[in-house]
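Okay, structure first, notes after.
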Amino acid sequence: TLLADHDSDDCRFFKIALKELQLQANLTAVHDGEQLMQLLKNQPADRHGKSDGHFDVLFLDLNMPRKTGFECLEEIKRNPKLKTVPVIVFSTSFDEDIADRLYNDGAHYYICKPADFSQLKKVIGQAIALVAKENNQQPSKEKFLLGN
């Protein structure tokens, strides 16, 4: 599991939530878009040239320094090696037009960061379970927004 978020408090709460969910997931966190893209591009590829699955899911904040979440999502989905990595947008606010753009750009789910820790834990668990169930395929648009 990969988390790209510039807010250290949000990263800490995410890590605690993941630990409390007792999922068999290793968390790697990056704090800006450039760092994220370097990490992803340096992953080993499988024999078909795709990412070897080192990161089974990416939780992506939109408002990051150096390269925004929008830029990262577009770059990920244009890259044949990375385009199959499920991307869950993890943002502090929700805007329907932005959600439409993100869905069209290939994001799997959109989570508006809940202020309540128990809700945060629940929605992270839900997102990870859905990605596994969907077998890395983008779900229908009706299922795009999680946690509301």
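Things to note:
- Max mean-square fluctuation residue, GNM over the chain, Cα-Cα springs under 10 Å, options ASP97, ASP61, ASP32: ASP97
- Dividing the mean sequence gap of close Cα pairs (under 8 Å, 6+ apart) by how many residues region 84-143 holds gives a relative contact order of 42 percent.
- Placing +1 on each Lys and Arg Cβ and -1 on each Asp and Glu Cβ, with no other charges, gives the chain a dipole about its Cα centre of roughly 540 debye.
- Candidates THR1, PHE90, LEU102 compared by Cα position along the dipole of the chain: farthest toward the positive end lies THR1, with charges placed on Cβ.
- At q = 0.16, 0.17 Å⁻¹, base-10 log of I(q)/I(0) for the chain (Debye sum, equal scatterers on each alpha carbon): -0.81, -0.93
- In order along region 21-28, the Karplus-derived 3J(HN,Hα) couplings, from 6.51 cos²θ - 1.76 cosθ + 1.60 at θ = phi - 60°, round to 6, 6, 7, 7, 10, 9, 9, 10 Hz, and Gly and Pro are given as x.
- Computed label-point distance, nm, for sites ASN136 and ASP7 using a 7 Å Cα→Cβ extension: 3.0 nm
- Net lengthening on full extension, GLU34/ASP100 (0.36 nm per residue, minus Cα-Cα): 21.3 nm
- Estimated at 0.36 nm per residue, the fully extended path between LYS143 and GLU74 surpasses their Cα-Cα distance by 22.8 nm.
- Distance between modelled label sites at ASN42 and GLU20, nm, 7 Å Cα→Cβ extension: 3.3 nm
- Taking the chain as a Gaussian network of alpha-carbon nodes connected by springs under 10 Å, the highest mean-square fluctuation of the residues LEU21, LEU120, LEU60 belongs to LEU21.
- Accessible carbon and sulfur surface of the chain relative to its total accessible area, %, 1.4 Å: 46 percent
- A Cβ-based charge dipole, computed about the Cα centre of region 98-148 with Lys and Arg at +1 and Asp and Glu at -1, lands at about 140 debye.
- Calculated accessible area for the chain comes out at 53 Å² per residue, all protein chains present (probe 1.4 Å; ligands, DNA, RNA ignored).
- In percent, rounded to a whole number, the relative contact order of the chain is 23, using alpha-carbon pairs under 8 Å and six or more apart.
- The value given for region 102-148 is a Kirkwood hydrodynamic radius of 11.1 Å, derived from the mean inverse Cα-Cα separation.
- In the elastic network of the chain, a GNM with C-alpha springs shorter than 10 Å, the most mobile of ALA115, ALA29, ALA129 is ALA115.
The values are calculated or read from the model by the stated rules, or taken from the named source; none is laboratory data. Bear in mind the structure is a predicted one, so any value in this text is a computation, not a measurement. Don't worry about glycine lacking a Cβ; one is built from the backbone with ideal geometry, like all the others, and counts go over all protein chains shown. Side chains included, ligands, DNA and RNA excluded: accessible areas come from the protein's heavy atoms. Shrake-Rupley method; radii C 1.70, N 1.55, O 1.52, S 1.80 Å.
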